[in-house]
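Here is the structure we will look at.
The values are calculated or read from the model by the stated rules, or taken from the named source; none is laboratory data. Remember, it's a predicted structure, so these values are computed and weren't measured experimentally. Here the Cβ positions follow ideal geometry from the backbone for every residue, glycine too, while neighbour counts run over all protein chains shown. Calculation scope for accessible area: heavy atoms of the full protein, side chains included, ligands and nucleic acids excluded. Shrake-Rupley method; radii C 1.70, N 1.55, O 1.52, S 1.80 Å.
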Amino acid sequence: MAEHLVIDHVGHFADGVALAGGGNVYVPYTLGGETVEVAPVPGHPDRRRLVQVEHASPERITPFCPHFAICGGCAIQHWESGHYRAWKRNLVVEMLAQAKLDCEVHPLIDAHGLGRRRVTLHARMGTHEVLKVGFAAAGSHDIIPVDRCPILSPGLDGALDAAWALAEPLISTGKPLDIQITATDTGLDVDVRGSGPVPTKTIATLSRVTEQHRLARLTRHGELVLMRTPPAITAGTAQVILPPGSFLQPTVAGEEALAALVADHCVRAKYIADLFCGVGPFALRLARKSRIAAFDSDAGAVAALQKAAASTSGLKPLKAEARDLFRRPLMPQELRDYDTIVFDPPRQGAQAQATQLAASKVATVVAVSCNVATLIRDAKILIDGGYTIEGVTPVDQFRHTPHVELVARFVRKR
């Protein structure tokens, strides 16, 4: 028997939310005000699968990708831009209000730019020994083969063809592969996971693929297999040679937007500690005007940052150190020399480091986060320690998804 629901609003995870039976029912790919026919989702009593939209919202638009709602990558391509942007900013407004954090939320910055510069493709041997290379389907581990993805940057042109060409010789063991491809200034940087050791006889085939698809580098679980040219990116005026699989902001425009916000908040800083610094997207730009000490647990990223700083003219002193800030956060006595701290941790946030910052006398703290919930937790630690939050800016690098980046500035009360 068909079930019909009226969608009330779009929720925090981009699903439409219907108010039914005294609770919420979640229906992906729907919008507020729509009447929809739905079907049950086995094992998930509060979720439904969209069968058809019976009465569409005037805000609904036609998705631009033929794989939308099949591939699990994008959650929202069906919503008019203005309403989508208002919803994404309001995610931050609502979560801050629920946490009783009173601060200004600035307008959302669209930082999609030319598109994503990194993609992870999955290769699996399907039924009848048919190779599939693509993205995981929405809500399952099935692979949706794709020949193009319109949210990728032009720098990833050829990435899908390269992934298919690499998968064929490497999947011979039958094990599933994950193929991470990054667009760099010098070509595609590829790291393959899941293949096991590469047999010597396969190297010649991979070498031909590397030349044919003009890959900069091919690694397996971070170990070098082949390299035509070092994969390099630009950060400010510096050029960084990427360690295999190193973290990058997902879009070039996103990195530039975040770095500009951080720089604005550090305009008077003389000595900055950049925590969870990665390969230095902030440190290398901030070093144009300020002394920098950079810290990260990834020794490869730290070494790449040091090398980039040493080969770039016009920078103030920049030192970088490998240090696990989750287990060994900088202590208050170590923080005494810095007038400003910048931190950009992984999704789990920086609870241990925020606790030590709260006990320090550092004048300004700039927090960058890809997780609103952990930023709120860390912000409360800083506020309880005597800081005031001056404002939050949401940045949309992950367009068509519910994910949002944040930059917040904290100032110690005098």
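Solvent-accessible surface of region 173-318, averaged per residue with a 1.4 angstrom probe and all protein chains in place: 43 square angstrom. When the trypsin sites (Lys or Arg not before Pro) in region 156-228 are filtered for DSSP coil states and for at most 13 other beta-carbon atoms within 10 Å of their beta-carbon, the remaining sites are Arg214.
At R0 = 56 Å, how high is the FRET efficiency between Arg336 and Asp161 if r is their beta carbon distance? Nearest 0.05 is fine.
Working: r = 54 Å, r/R0 = 0.96.
The pair Arg336/Asp161 has a calculated efficiency of 0.55.
Charges only on Cβ, +1 for Lys and Arg, -1 for Asp and Glu: so what's the dipole of region 3-133 about the Cα centre, in debye to the nearest 20? Intermediate results must be reported in sequence, preceding the final value.
Details: 13 positive and 14 negative charges, 138 e Å.
Computed charge dipole of region 3-133: roughly 660 debye.
DSSP beta bridges fully contained in the chain are about 70 percent antiparallel.
Can you give me the % of accessible surface on the chain that is carbon or sulfur? Probe 1.4 Å, all protein chains present, nothing else counted.
Details: 10250 of 19350 Å².
Of all accessible area on the chain, carbon and sulfur atoms account for 53 percent.
A simple charge model with +1 on the Cβ of Lys and Arg, -1 on the Cβ of Asp and Glu and nothing else charged puts the dipole of region 148-248 at about 220 debye relative to its Cα centre. Here the spin labels are modelled as points 7 Å beyond Cα on the Cα-Cβ line, and at Thr355 and Glu94 they lie 3.2 nm apart. GNM remark for the chain: springs join alpha carbons under 10 Å apart, and the peak mean-square fluctuation among His400, His83, His112 falls on His83. Each of Thr229 and Asp110 was given a label point 7 Å from its Cα along the Cα-to-Cβ line. The distance between the two points is 3.3 nm.
Mean projection of the alpha-carbon convex hull of region 264-412 over all orientations, in nm²?
Details: hull surface 33.8 nm².
Over every viewing direction, the Cα hull of region 264-412 projects on average to 8.5 nm².
Between Ala303 and Lys316, the modelled label-to-label distance comes to 2.9 nm, taking each label 7 Å out from Cα in the direction of the beta carbon. Pick out which of Val267, Val190, Val279 has the largest mean-square fluctuation in a Gaussian network model of the chain, springs linking Cα atoms closer than 10 Å. Maximum among the listed residues: Val267.
For Thr120 and Asp324, the FRET efficiency from 1/(1 + (r/R0)^6), where r spans their Cβ atoms and R0 equals 25 Å, is about 0.50. Among the listed pairs Lys201/Lys307; Lys270/Lys413; Lys88/Lys361; Lys270/Lys307; Lys88/Lys132; Lys307/Lys380, those whose Cα-Cα separation exceeds 25 Å are Lys201/Lys307; Lys88/Lys361; Lys88/Lys132; Lys307/Lys380. From the alpha carbon centroid of region 1-69 to that of region 193-259 is 40 Å.
The separation of region 283-340 from region 368-414, counted between C-alpha centres, amounts to 21 Å.
Once you charge only the Cβ atoms, +1 for Lys and Arg and -1 for Asp and Glu, what is the size of the charge dipole of region 279-370 about its Cα centre, to the nearest 20 debye?
240
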